[in-house]
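All remarks here apply to the structure that follows.
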Amino acid sequence: MGGLIGIVVIFAMVFGGYILAGGKMAIILHSLPFEMMIILGAAVGAFLIANEFSAVKHTLKDMGKVFKGAKWKQQDYQDLLVLLFALIRISRDSPVELEAHIEDPDSSAVFSKYPKIQGDKAAVALICDTLRSASMNYDDPHQVEDVLEKRMEERYQHAQHSSHALQVMADGLPALGIVAAVLGIIKTMASIDKPPAVLGGMIGGALVGTFLGVFLAYGLVGPFSTKVEAVVAEDNHFYNLIREVLVANLHNHAPNICVEVGRQNTPGAKRPSFNDLEAALKEAKAAA
């Protein structure tokens with residue numbers, strides 16, 4: 001909702017101020033289709049050249065985060081801690097039983113209690129692979145921890161690609177606006193014999209290109225990039241929480257200590273209270 005409100009405010013303030021200052025929308029509306037075709041067409045073409053098709057799809061999907069916000073809510077963090085607690089207890093009590101859960105998480109009775117987490121392939125793979133590695137009796141748990149750290153870094157860098165791609169587009173839009181303006185000036189110079197009133201309109205139309213390039217860069221695409229980056233960073237805390245809990249498990253801390261480490265490392269706005277988490281753990285134990 002905040003993203004939509006922001007877009008409305010931008011358009012209302014920019015064009016509202018222009019109109020209140022005595023500006024005429026007719027010249028902008030007349031030039032808009034042609035200038036947009038030049039600027040956005042060139043920007044999209046450059047974007048396609050610079051990115052693989054999978055990255056293009058990823059970026060288009062991530063643009064929805066501007067309006068949806070972070071995927072993981074406070075309840076999801078609590079559910080994750082309860083899920084990890086259950087899996088760690090099983091790993092301590094019955095490693096053979098754990099194998100069934102981590103080898104086929106889609107059919108796992110433990111994972112199925114939390115369908116939102118179960119539906120996230122990255123989270124499930126991270127949990128299962130780390131628990132599987134822990135069961136291999138590595139001589140040094142730091143080996144698993146190092147592998148986990150590198151995997152988390154690679155996942156985060158991949159997730160940030162959309163914001164980087166959008167920022168590159170934003171950086172190029174003002175220059176593409178100048179390209180459109182120069183083409184407009186060339187067109188105007190070809191009609192230099194026209195009356196001043198006509199030439200003024202043509203020059204004004206050419207300057208619309210410069211305006212659009214700057215407006216799209218700093219009013220829309222740039223903020224989209226910043227918002228996507230912020231949402232990705234916020235959602236990354238969820239995966240960091242998996243790492244913190246499972247690293248604590250690698251060092252053979254008690255299950256309740258492992259989840260408390262995770263709770264303490266949860267961002268403040270999403271962190272469940274100690275009492276709420278204790279109640280959820282007791283409920284999960286009773287249902288087991």
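The values are calculated or read from the model by the stated rules, or taken from the named source; none is laboratory data. The structure displayed is predicted, hence computed values, not measured ones. Please note: Cβ atoms are built from the backbone with ideal geometry, for glycine as well, and neighbour counts cover all protein chains shown.
Each residue in the range 1-29 was checked for being exposed (fewer than 14 other Cβ atoms within 10 Å of the Cβ) and in contact (Cβ under 8 Å) with a residue 24 or more places away in the chain, and 4 pass.
Okay, residues lined up against (1) within 23 Å of G268 (Cα to Cα); (2) within 18 Å of the chain's Cα centre (by Cα):
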site: D62; (1), (2): no, yes
site: W72; (1), (2): yes, yes
site: L80; (1), (2): yes, no
site: L84; (1), (2): yes, no
site: S91; (1), (2): no, no
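Scanning the range 61-102 for residues that are under 16 Å from H253 (Cα atoms) and free of Cβ contacts under 8 Å to residues at least 12 places away in the same chain yields a single hit, D93. Identify all residues within the range 93-111 that are part of a helix (DSSP H, G or I) and exposed (fewer than 13 other Cβ atoms within 10 Å of the Cβ); write none if there are none. Once the filter is applied, which keeps residues that are part of a helix (DSSP H, G or I) and exposed (fewer than 13 other Cβ atoms within 10 Å of the Cβ), the range 93-111 yields D93, P95, V96, E97, E103, D106, S107. Of the residues A175, A248, A181, the single one that is touching a residue at least 24 places away in the same chain (Cβ under 8 Å), buried (at least 21 other Cβ atoms within 10 Å of the Cβ), of a type in the set (A, V, I, L, M) and on the phi < 0 side of the Ramachandran plot is A181.
The sole residue among N252, N275 that is in a helix (DSSP H, G or I) and farther than 30 Å from A12 by Cβ is N275.
For (1) exposed (fewer than 15 other Cβ atoms within 10 Å of the Cβ); (2) out of contact with any Lys or Arg (no Cβ under 7 Å at 6 or more places or on another chain), each residue gets a yes or a no:
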| site | (1), (2) |
| --- | --- |
| I186 | yes, yes |
| M189 | yes, yes |
| V228 | no, no |
| V231 | no, no |
| N236 | no, yes |
| S273 | yes, yes |
| A279 | yes, yes |
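Pairs meeting the criteria (first residue in the range 186-198 and within 20 Å of E35 (Cβ to Cβ) and aliphatic (A, V, I, L, M), second residue outside any loop (DSSP other than H, G, I, E, B) and at pLDDT 80 or above, beta carbons under 9 Å, at least 6 apart or on different chains) are I186/A206.
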